[in-house]
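Visitor: Sharing a structure here in structure tokens format.
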Amino acid sequence: QVQLVESGGGLVQPGGSLRLSCEASGYAFSKYGIGWYRQAPGKERELVATIDTGTRAMYRDSVKGRFTISRENAKNTVHLQMNSLKPEDTAVYYCYLYLLRDWWGQGTQVTVSS
């Protein structure tokens, strides 16, 4: 059974940084791409970043240059380093995997506020 467990969310001031982590289990982590989505109150869930089985990453335009996705295959973990955070980054952040179906973590809250 695939499991995705996020951590690292919290409250941060504008301009601050957070590092999210997602620990995966139940499948061959290194053989699949993985990504992060987010959902703000009253808005649809949106793709933030993805990484393939290597180091190729893709980002939504609004986070380019501020967020970095990376993976540690030895730890079955994907990270999202978020710098220069803005209030509009406030959302619940979800780890996402497609393996025969959609798999989601439980989400971690990120709040950017002064």
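The values are calculated or read from the model by the stated rules, or taken from the named source; none is laboratory data. Fair warning: this is a prediction, and the values are worked out from it, not measured in the lab. Areas reflect the complete protein model, heavy atoms only, side chains present, ligands, DNA and RNA absent. Shrake-Rupley method; radii C 1.70, N 1.55, O 1.52, S 1.80 Å.
Visitor: Let me check something: with ligands and nucleic acids excluded, how do Arg45, Arg71, Arg19 order by accessible area (1.4 Å probe), largest to smallest?
Guide: On the way: Arg45 85, Arg71 35, Arg19 125 Å².
Correct descending sequence by accessible area is Arg19, Arg45, Arg71.
Visitor: Arrange the residues Leu11, Leu47, Leu99, Leu20 by how much accessible surface each exposes, largest first, with a 1.4 angstrom probe.
Guide: Accessible-area ranking of Leu11, Leu47, Leu99, Leu20, largest first: Leu11, Leu47, Leu99, Leu20.
Visitor: For the range 67-79, just list the computed ³J(HN,Hα) in residue order, Karplus coefficients 6.51, -1.76 and 1.60, θ = phi - 60°, integers in Hz, with x standing in for Gly and Pro.
Guide: 10, 9, 9, 8, 9, 10, 4, 5, 10, 6, 10, 10, 10
Visitor: What full-extension length gain, to one decimal in nm, is calculated for Ala57 and Ser7 as 0.36 nm per residue of separation minus the Cα-Cα distance?
Guide: Working: separation 50, 0.36 × 50 = 18.00 nm, distance 2.05 nm.
Taking Ala57 through Ser7 to full extension adds about 15.9 nm, to one decimal.
Visitor: Which whole-number value in Å² is the accessible area per residue of the chain, probe 1.4 Å? Please report the intermediate quantities before stating the final value.
Guide: On the way: 6290 Å² over 114 residues.
Normalised by residue count, the accessible surface of the chain is 55 Å².
Visitor: If I build a Gaussian network model for the chain, linking alpha-carbon pairs within less than 10 angstrom, which residue out of Thr68, Thr55, Thr77 has the largest mean-square fluctuation?
Guide: Thr55
Visitor: Lysines within cross-link reach of Lys31: Cα-Cα under 19 Å, excluding same-chain residues under 8 positions apart?
Guide: Lys75
Visitor: Show which lysines lie in cross-link reach of Lys86 when reach means a straight Cα distance below 16 angstrom and same-chain residues fewer than eight apart are skipped.
Guide: Lys64
Visitor: Quantify, in whole percent, the carbon and sulfur part of the accessible surface of the range 10-97 (1.4 Å probe; protein heavy atoms only). All intermediate terms of the calculation are to be shown ahead of the outcome.
Guide: Working: 2230 of 4640 Å².
Carbon and sulfur atoms account for 48 percent of the accessible area of the range 10-97.
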